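Written below as structure tokens is the structure these notes are about.
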Amino acid sequence: MSNLDAAIEAFSKGEIIVITGDRFRRGDIDFAVAAKHITADAINFMARHGRGLICLSLTPARAVKLGISLINPGSERQSGRPFGRSIEARADVTTGISAADRAKTVEVAVADGANSDDLVSPGHVFPLIAADGGTAERPAAAEASIDLCRLAGCGDTAVICSIMRDDGEMARLNDISDLIARFDLKVADIDDLLAQMDNLHPAD
């Protein structure tokens, strides 16, 4: 079984994986888990071992249903990061920042039939509105996490978190080799994902 196939299988089981190969962030790596499998434990793992911003990867269609638009849709002062406004579940959360509260917000946002009435803003979950064409259009972690969800049969939303080293610098794969071994984390590289998707959908 290839590394990518192992990562897809882990994704289908609700396990956290590592995504590498983001072409927009100079080699930064991310934890990812399918949003349908989110738990407080998964959020806590990402916060403890990833330390970066915990984000919810959304398709444009789902973002529209939730009433979430890009913070900066234009070209002026553009960072290139597709952030929507931060969100919180309208009900059943306290301060919103705990692992349980953030897991609840994700659960509410990705529920069948969810809409803008179910959320308030600002909050402690940060949506990323992925490119409609997925990884093929924008080879970055947000799009990759959604494509992995689809390949794993886990819907089309994911939770991702960039990974920092103990010293606060952004981690590379070799920096977390002990963590990968300790938790038997599977790794999905975006280049491998693109190659597999090309094989599944060859050009006419």
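The values are calculated or read from the model by the stated rules, or taken from the named source; none is laboratory data. The structure presented is a predicted model; accordingly, all values stated were derived computationally and were not measured. Because the Cβ atoms are built from the backbone with ideal geometry, glycine has one as well, and the counts that use them run over all protein chains shown.
May I ask you to list the residues in the stretch 149-164 that are buried (at least 22 other Cβ atoms within 10 Å of the Cβ) and farther than 10 Å from Phe11 by Cβ?
Thr157, Val159, Ile160, Cys161, Ile163
Every residue in the stretch 24-41 that is closer than 20 Å to Gly96 by Cα and either part of a loop (DSSP other than H, G, I, E, B) or not hydrophobic (A, V, I, L, M, F, W, C) (or both), please.
Those that are closer than 20 Å to Gly96 by Cα and either part of a loop (DSSP other than H, G, I, E, B) or not hydrophobic (A, V, I, L, M, F, W, C) (or both): Lys36, His37, Ile38, Thr39, Asp41.
Report, by residue number, each residue of the stretch 127-148 that is crowded, with 18+ Cβ neighbours inside 10 Å, of a type outside the set (Ser, Thr, Tyr) and either assigned to a strand (DSSP E or B) or in contact with a helix residue (DSSP H, G or I) (Cβ under 7 Å, 6 or more places away or on another chain) (or both).
Residues satisfying the conditions are Pro127, Leu128, Ile129, Ala130, Gly134, Pro139, Glu143, Ala144, Ile146, Asp147, Leu148.
Which of (1) within 19 Å of Ala10 (Cβ to Cβ); (2) without any contact (Cβ under 8 Å) to a residue 12 or more places away in the chain does Ala188 not meet, given it meets every other one?
Here Ala188 meets the rest and fails (2).
Considering only residues that are closer than 29 Å to Arg138 by Cα, more than 17 Å from the chain's Cα centre (by Cα) and of a type in the set (Asp, Glu), which ones fall in the stretch 72-101?
Glu76
Looking at the stretch 47-60 only, could you name the residues that are hydrophobic (A, V, I, L, M, F, W, C) and not in a strand (DSSP E or B)?
Ala47
Please determine, by comparing only the residues of the stretch 31-52 that are out of contact with any Cys (no Cβ under 7 Å at 6 or more places or on another chain) and of a type in the set (A, V, I, L, M), which one is nearest to Ile180 (Cα to Cα).
Ala32
For the stretch 61-70, how many residues meet the condition of being under 21 Å from Glu107 (Cβ atoms) and not in a loop (DSSP other than H, G, I, E, B)?
Here the count works out to 5.
Based on what the data block shows, is Ala114 more than 24 Å from Glu9 (Cβ to Cβ), surrounded by 22 or more Cβ atoms within 10 Å (Cβ to Cβ) and at pLDDT 95 or above?
no
Can you say whether Pro122 is in contact with a Lys or Arg (Cβ under 8 Å, 6 or more places away or on another chain), over 30 Å from Leu185 (Cα atoms), in contact (Cβ under 8 Å) with a residue 12 or more places away in the chain and outside any loop (DSSP other than H, G, I, E, B), as far as the supplied structure shows?
Answer is yes for this residue.
Output the residue which, of all residues in the stretch 71-110 that are part of a loop (DSSP other than H, G, I, E, B) and among the polar types (S, T, N, Q), is nearest to Cys55 (Cα to Cα).
Among those residues, the one meeting the criterion is Ser86.
What's the number of the condition Asn44 fails, among (1) part of a helix (DSSP H, G or I); (2) surrounded by 18 or more Cβ atoms within 10 Å (Cβ to Cβ); (3) polar (S, T, N, Q)?
(2)
Which members of the stretch 149-172 meet the condition of being assigned to a helix (DSSP H, G or I) and either aromatic (Phe, Trp, Tyr) or modelled with pLDDT under 95 (or both)?
none
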